[in-house]
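The values are calculated or read from the model by the stated rules, or taken from the named source; none is laboratory data. Source: prediction; values computed, not measured. Cβ atoms come from the backbone with ideal geometry, glycine included; neighbour counts cover every protein chain shown.
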There are 2 protein chains.
Amino acid sequence: MVVTEMSASNENGYHSGYATSIDITRMFRNMSNAKLFAVDIGGSLAKVAYMSEVQHARKRLKSFCSEDSDKERTIGNPIYEIKDQQECGLRLHFIKFETKYVETCVDFIQQNLLEKTDNVVKVMKATGGGAHKYKDMLTTKLGVRVDKEDEMQCLIRGCNFVLSTLPDEVFQFCRDEDSQYVFRHLESNEIFPYLLVNIGSGVSIIQVNSKDHYQRVGGTSMGGGTFWGLGSLLTKAKGFDELLELATQGQHKNVDVLVKDIYGGPYTGSGLPADLTASSFGKAVRSCNDKQEDGHKFAECDIAKSLLQMISNDIAQIASLYARLSGIKKIFFSGYFIRGIPATMHTLTYGINYWSKDAQQALFLRHEGYLGAIGAFLKGAEEYGVSPLQFKTWEENYAASTGLPTATSKEKTLDGKPMNQQYGGLQCDVLELDQISQDLVPFPLLSSPGEYQPDTDDLTVDSEARKYWLDCFGGSALDKVVERAIASQPNLPDAKDRAEKFRAKYQDHLNVLYDKPFSYGSLTVRSLLDTREQCLDEFQFPDLYAEVKQQENEDALRLFSQRVQDLDNLPHDDQRQESLVRGILAGNVFDWGAMEVAELMEKKLLGFSSAMDKLQKRPWLIDDLDEWINNTQNKVYKCALVFVDNSGADIILGVFPFVRYLLLCGTKVILAANSYPALNDVMFSELNILLEQLTGLCPDIR
Amino acid sequence: MVVTEMSASNENGYHSGYATSIDITRMFRNMSNAKLFAVDIGGSLAKVAYMSEVQHARKRLKSFCSEDSDKERTIGNPIYEIKDQQECGLRLHFIKFETKYVETCVDFIQQNLLEKTDNVVKVMKATGGGAHKYKDMLTTKLGVRVDKEDEMQCLIRGCNFVLSTLPDEVFQFCRDEDSQYVFRHLESNEIFPYLLVNIGSGVSIIQVNSKDHYQRVGGTSMGGGTFWGLGSLLTKAKGFDELLELATQGQHKNVDVLVKDIYGGPYTGSGLPADLTASSFGKAVRSCNDKQEDGHKFAECDIAKSLLQMISNDIAQIASLYARLSGIKKIFFSGYFIRGIPATMHTLTYGINYWSKDAQQALFLRHEGYLGAIGAFLKGAEEYGVSPLQFKTWEENYAASTGLPTATSKEKTLDGKPMNQQYGGLQCDVLELDQISQDLVPFPLLSSPGEYQPDTDDLTVDSEARKYWLDCFGGSALDKVVERAIASQPNLPDAKDRAEKFRAKYQDHLNVLYDKPFSYGSLTVRSLLDTREQCLDEFQFPDLYAEVKQQENEDALRLFSQRVQDLDNLPHDDQRQESLVRGILAGNVFDWGAMEVAELMEKKLLGFSSAMDKLQKRPWLIDDLDEWINNTQNKVYKCALVFVDNSGADIILGVFPFVRYLLLCGTKVILAANSYPALNDVMFSELNILLEQLTGLCPDIR
C-alpha cells in the first residue's frame, strides 16, 4: 500500500528531493497475523506496538541413528540428514512516526487486519498525551475498546524492560572521545535506583527505586516544546529537525553573554571559566536607544544554537539537583527532545558532569522513543492474558530495526540517499524483537559478569579495525555469501531473488555502520555475524553452511581414527600434548585472518594436515603450552570446559582428540556450543550427533 | 546642574511626555563635602555610593540652673532656654541609575567635587561586571586609584548590612492577601543561614552561613538578560520596563501548553493540576505543514508574559532545589530582574511555595538594588580607615530615599505625573542613611523581641485606617504643621519658603503611600510621624513644638504643687489612686482621636481640669484600676518603668504625681523618654530639666 497524502509538505522547500510516498506495508509488517495492539500517542510522535506470529525457515539435523529418523544410515551415506522446516515464533513490533499520520496508519490497520480476522484482541492499551485526543477515533475506526493507561507508568515499565532485556541498550555520550558512544552493560542488580528524565514537550523527572516503585519527583515546563516553540517564533525553520539542523551550524557566543564578556576573563572569585555562559541571549537585549532593526543582526543558526544549549543545560542542572537530593548517580534521558541527537546529548552530558562534578552519569537509551509503547503493550499483554511475555526472552532484530540515531532530515547515507528515505520519506523508526527459546543468563563462573567483554576488538572505538572488518563482510565476501545462500537452496526458484534482497539489506546495514558504527550498540565481529544471520533469516535462508558442515564433518570423521592413532604413537606425552594443541590451532584456521583463509578454503587448498604444516613456529603469540604440560605432570584437572568453534576438521580432528586426552587423564569435560548457526560453527544439535558418531568410533570418549 | 544629553531617546515614543532633562544636582546631594566613593556597575544599572557630612539644625535645651547656662534664671522667666545650633552628622548616599549614564555622572562628580577639594579619599572601590569595563575611565577622569572588588563578596556584605541595620528590610510577597507586602523582622540570630539568589543578566545562587562565610553554590544563565534578550527578539518592546509592562497585559496560556491542553484536565496520576504549564511556548511550534505567517498569530503581550513566567519559575525551582540540598528555609532574591516588580515577585514566590511545598520562603529586600554598592563602600571605608562605620548606627532617611518599588515607565502618581519624573525623567533611585548617635537594642525584658510589634494599627493591611490616618497627616493638618514650622522660626526670613518645600515633599510622600502603602516598609502612625520629622529636618525645621512645649511646661509647673496637694487631701487611698490614673488619662488627651482634639488644643479650649471632666465614665475600654488598687494593698512593687508621652500637663500633672506616689510606696521608678522630637512628646533632655525643677518643688521626688 502506498499513501501519497503525506507528501503534501514536500513541495518547494527543504524536503525537495524526498520520495513523496510512504510504504506503510513495510512499516506495519506481518499485519495479517497481528494479535494485540497498543499505542502511545505523544504531541509529536506516535508509536504503535503489536505482536505477530512469524514463520522462520530452519534446518534441523536428524541423525540416522536417532529414533525419530525415518531412514537407516547406510555406509557412504551422510551421518545425518538436514531437514527444512518452518518454525513459528512471536515477534514484537514497535513503529514510531509523526503524530499527524496517526489516522492514516489507523486506517491501514483497520483495512488490513481488523476487517479480516477474528484473531485480534478487541481491547487495546493507549497511553501518551494524545491518547485522550485520539481515543474516540481509535474506538470508532478500529471497533476496539481503548483502555487509557498512565503515561508515567508505561514509560517506567518500558524503561525497565529495555534495561533488563536488550544488550547495549545504555550508553554514555562522550563528544571528545574516539568513540563518542560508550555502551554500558548494566547487570540486573545494577539497574536501580535511577532517575528518568523524560523530555517531551515538557519535562518529567521520575525517580525509579525498583521495578514496581517509582515517583515523579519533579519536572519543568522548559522542554522540547519550548525549543521548538521559541525556535518557530525566532527562526524560519520548519519543524523540529530543521531547527536542530540550524542549531548545529550556529555559535551560541554570538547571542549569549559569556563570563569573559563581563569580566574580560574567568571570574576567579567563584571559579567560573571564561567561556561559561553568563546570560543566555544576553547580547540580544535592546534598550530604548537601539533601533528596531537591531534584532535582525543575529543569525538564525546562532539563535537556534543558544536556545538548544539554554534548554539542555537547564534540564541537566535540574536533573542533577534532583539526583543529588536522592543520592542517585544514574540519570537516564528519554523523550522526543533526545532522539540520539549528538548536540543535545552532549549538552546534557556536559551539564550533568559540570553540575555533579563528575559524580553522576548522563545515560541514554537506544530505544528511548519506544518506552511508553513497550510499557503499554506489556501491560495489555499481562492484563488481557495474551501471552506469557517474560523478561529476557526477546532479542532485537537488527535486520529489521532502525538504528540509532534517527537521521535528521539532511543526513545522507554513504551512497547519497537521505537516511530516512527507507520508508518513503516518512520519518519512521522501527524496533522488532524476536522471541528466543532460551533465557540467557551470565556464565556463573565469571567473577564480574557486568564487566565481561566477550569480544577482542571493539570496532566502535578502533576505526582501523572497523574499516577492515566492514570491508571483510561487504563487497566480494558478501558476493560469496549470496552465492552460498543461493547454493544452499537449489530447489527453490525464488532463492536468487531473495538472496539479492538479502545482499541489499545487509549492504545497507554495513553502510549505516561505516557511517554510524554505534547504530546498534557496540560494533564487533560477533555483532556483524549475528546481524548477517538475522538478515539471512529475514529472507528465509537458514544455516547457509549446513550442507558444507555436513560434508566437512563426513570428511573429518573419516580421518579421526588415523589422527587418534598418530597421537597414540608419539613416544613422549609432551610431544602428544604439543600435537594436540597444534591440532586445535590447525582446526581453527578459519579465524586466522578471515579473508585470505576464506579464499584458501573456498579453493579447497587447505586441508587439515597442510594447515598443521602452515602453523607458525613456537613461541606463539600467546603460548601456555609449556605451562600446561608442566601442570599435567603434577596434577589432574577435575573438570574442563571447552568452547567449541568450527565444524569439520576443527571439532573432529582438533577438539575431540584433545577431549579424549583429558578424559583419559581423569578430567571431566563439558562442551559448550552455539544454539544457532553462525558461519561454519558447530551447533549444539550437530555436536550431539557428532558425539554419537565418535562414541561409536572411540570407546574412550563414550 | 541640568543635563539634556539624556533626553535623546524621548522623541516619538513610549517616553513622550517625560521631562527631557535630569537634575543631577538633586541626585548627587551634598557633593561639596563628599568623602569616600564606591561604585557598583552592572550591565543595566550603575550605583554610586559616597559619604557626606551634613549639618542638622537642632534645638538644644539649656537649664538656667545648669552650670553651663550663661544666664541666671529670674522669676517669671522660662525655666530653660532653647538654643538653635547646627550639629554635624554623617550621611551615606546610594544612587542607582541606568549604566548608560555612568560617564555623565562621573563628569558631574569630577567637576563638582574632585577638582575643588583635597578632602576626598583618592582611592575608590569598584565592583560589578562593569567595573572591568569602566575602570580606566574612572581612573582617568577622577584621578583616583580604582580597586576592583569581588562582586559576590560586596553583594553579601551589603546584604548582611541591610539585614542587620534597616527595619522592615525584608518582606514576603503575597499577591492574593489584603496586604501583598508582608514585612518580616529578623533578629540578628535569625538572619543566617540564608540563600541569596541574585538575578542580574544571569543568576548566581549563594549560600550564606554567617557574616563571613558564604559560597556560590550554583547559578543559571537564564536570568534577566535572557528575559530582556529573548523579549527584544520576540517583541517590539524597547527596554526592560516596556517588556515588563507588556508582560503584565498578557496571558501565558495563549502561548504555553497547559496540562489540561494535553489531558483534558489535571494529570491525576502525578498530581499535576489542570492549569499547570506543561510546556512553555508549546503552542508556538510550527511544523513543516504550517505556513510561515503562523508565527504572527501570537500576541506580543502573551509572549512576554510566558517568557517572564518561564524564567521566573525556572529560577524559583533551581533556587528551591539548592535550598533543599542545604536545608535552608530563607531564600532572598536580589538583582536587576526583581526591582520590586509584582509579577516577577509573585512568580518567584509561587515557584518557591510550589516546589518546596511551602517549606521555604521567598523573601525580598527593599534595597536589593544597592547591595553591591553598599558592600563595596563598607569595604572601602574599612580598608582606607575613613570612619568607624559600625553596624546599626544608621537609619534610613525616608524623606530623601525613593520607595519600593521603582515605578515602571507608565505608572503615574495620584496627581497624574509619571512616578519617575522626580529626577527629570531619568529612572533613578536613591537611598540615604543618616548616622544616629545611639545604637538601638531591643528592650531586654521582651520575651521575643523579633515578634514585638510596637504599633497598634498596621496601616499597610487595614485600608480603612490607612485612609483615615493619611488624611489626618495631609490636607489641613499639614497646613497647620506648615504654619507651626513658620511660627517656630520667626526670625528666619526663608522659613516660609522652606516650609512650603517641606509641605510639597511630605504631601508627595503621602501620595506615594496612598498609592503604594508598602513603599517604605510597614506603614504605621509612628512611621508617618518619623517621616514627618525627617522631612522637617530636611528643611531645617527642628522640634517645631519646642516653644509650645516650653510654654506648656511652664503653665503646668505652676499647677503642680496644687495638684499634689489636692491629691494628698483626698481621704482614701483608693480615691487618690483613681485620681492619679484619671490625671494620666487627662494628660494624654492628644491621643484620643487626633484631629478633633488637635483642633480643641489649637483653640486653647482644653485645659487639664476640663480634660479631667471630659473623661468617660468607668469602666474604661481597658480598665485595670481595681486590680492595681487591690495589688497595692497587699504588696509593694519593686520597680516601675514609665514610658512618658507628652510635655506639659501630661508629664507634669499626670505622670509626675503618679511617680511621686510610687516613690512614696517604696517603688523604684525608671522614666523612659524619646531621644528625638516627635510632636509634643517630652524628650530625654527636656525630662532632665523638668526633673531638676520638680525635685526643687517637691522633696518626695528628689
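Consider only pairs whose beta carbons are under 8 Å apart and that are at least six residues apart or on different chains; among these, list those whose first residue lies in the stretch B:121-140 and is in contact (Cβ under 8 Å) with a residue 24 or more places away in the chain and closer than 18 Å to B:K379 by Cα and whose second residue is of a type in the set (K, R) and in a helix (DSSP H, G or I).
B:K125/B:K379; B:A126/B:K135
Go through (1) in contact with a strand residue (DSSP E or B) (Cβ under 7 Å, 6 or more places away or on another chain); (2) within 30 Å of A:V441 (Cβ to Cβ); (3) buried (at least 18 other Cβ atoms within 10 Å of the Cβ) for A:G223 and report which single condition fails.
Only one criterion in (1) in contact with a strand residue (DSSP E or B) (Cβ under 7 Å, 6 or more places away or on another chain); (2) within 30 Å of A:V441 (Cβ to Cβ); (3) buried (at least 18 other Cβ atoms within 10 Å of the Cβ) is unmet by A:G223, namely (2).
Just for the stretch A:323-335: of the residues that are within 14 Å of another protein chain (Cβ to nearest Cβ) and surrounded by fewer than 22 Cβ atoms within 10 Å (Cβ to Cβ), which one is farthest from the chain's Cα centre (by Cα)?
Once the filter is applied, the top-ranked residue is A:L325.
How about the stretch A:323-378: which of its residues are in a helix (DSSP H, G or I) and closer than 24 Å to A:D434 by Cβ?
Scanning the stretch A:323-378 gives A:E368, A:G369, A:Y370, A:L371, A:G372, A:A373, A:I374, A:G375, A:A376, A:F377, A:L378.
If you check A:K357 against the conditions, is it within 14 Å of another protein chain (Cβ to nearest Cβ) and surrounded by fewer than 24 Cβ atoms within 10 Å (Cβ to Cβ)?
Yes, satisfied.
Among the residues of the stretch B:602-629, how many are surrounded by 11 or more Cβ atoms within 10 Å (Cβ to Cβ) and in a helix (DSSP H, G or I)?
11
All but one of (1) in contact (Cβ under 8 Å) with a residue 24 or more places away in the chain; (2) within 12 Å of chain B (Cβ to nearest Cβ) hold for A:R175; which doesn't?
(2)
Considering only residues that are over 14 Å from A:S401 (Cα atoms) and among the aliphatic types (A, V, I, L, M), which ones fall in the stretch A:511-527?
A:L523, A:V525
Which one of A:D302, A:D314, A:D275 is touching a His at 6+ places or on another chain (Cβ under 8 Å) and at pLDDT 90 or above?
A:D302
In the set A:S201, A:S210, A:S221, which member is among the small types (G, A, S) and at pLDDT below 90?
A:S201
Keeping to the stretch B:103-132, report how many residues are under 12 Å from B:G42 (Cα atoms) and modelled with pLDDT of 90 or more.
2
Restrict the check to the stretch A:632-641 and report whether at least one residue is over 29 Å from A:S527 (Cα atoms), in a helix (DSSP H, G or I), under 39 Å from the mean Cα position of the chain (by Cα) and basic (K, R).
no
For B:L431, all conditions in the list (1) surrounded by fewer than 17 Cβ atoms within 10 Å (Cβ to Cβ); (2) of a type outside the set (V, I, T); (3) touching a residue at least 12 places away in the same chain (Cβ under 8 Å) hold save one; what is the number of the exception?
(1)
Which ones in the stretch A:227-282 are under 11 Å from A:S306 (Cα atoms), without any contact (Cβ under 8 Å) to a residue 60 or more places away in the chain, within 9 Å of another protein chain (Cβ to nearest Cβ) and assigned to a helix (DSSP H, G or I)?
Answer for the stretch A:227-282, where residues must be under 11 Å from A:S306 (Cα atoms), without any contact (Cβ under 8 Å) to a residue 60 or more places away in the chain, within 9 Å of another protein chain (Cβ to nearest Cβ) and assigned to a helix (DSSP H, G or I): just A:G282.
Return only the number of the condition from (1) more than 8 Å from chain A (Cβ to nearest Cβ); (2) surrounded by fewer than 22 Cβ atoms within 10 Å (Cβ to Cβ); (3) modelled with pLDDT of 90 or more that B:E293 does not satisfy.
Exception for B:E293: condition (3).
Would you confirm whether or not the stretch B:639-646 contains a residue that is touching a Leu at 6+ places or on another chain (Cβ under 6 Å), at pLDDT below 75 and surrounded by fewer than 19 Cβ atoms within 10 Å (Cβ to Cβ)?
no
Inspect the stretch A:146-155 for any residue being out of contact with any helix residue (DSSP H, G or I) (no Cβ under 7 Å at 6 or more places or on another chain) and closer than 15 Å to A:L363 by Cα and give the result as yes or no.
no
What's the total number of residues in the stretch B:204-226 that are touching a helix residue (DSSP H, G or I) at 6+ places or on another chain (Cβ under 8 Å) and facing chain A (nearest Cβ under 9 Å)?
Final tally of qualifying residues: 11.
Could you tell me whether any residue of the stretch B:62-77 is modelled with pLDDT under 80, over 31 Å from the mean Cα position of the chain (by Cα) and surrounded by 15 or more Cβ atoms within 10 Å (Cβ to Cβ)?
The answer is yes, given that some residue of the stretch B:62-77 is modelled with pLDDT under 80, over 31 Å from the mean Cα position of the chain (by Cα) and surrounded by 15 or more Cβ atoms within 10 Å (Cβ to Cβ).
Name every residue in the stretch A:195-213 that is more than 13 Å from A:A319 (Cβ to Cβ), hydroxyl-bearing (S, T, Y) and in a strand (DSSP E or B), in order of residue number.
Correct list: A:S210 only.
Does A:G200 fit the bill of being without any contact (Cβ under 8 Å) to a residue 12 or more places away in the chain and at negative phi?
Considered against the rule, which asks whether it is without any contact (Cβ under 8 Å) to a residue 12 or more places away in the chain and at negative phi, A:G200 comes out as no.
Find the residue count for the stretch A:442-455, including only residues that are in a loop (DSSP other than H, G, I, E, B) and either touching a helix residue (DSSP H, G or I) at 6+ places or on another chain (Cβ under 8 Å) or surrounded by 10 or more Cβ atoms within 10 Å (Cβ to Cβ) (or both).
So the answer is 6.
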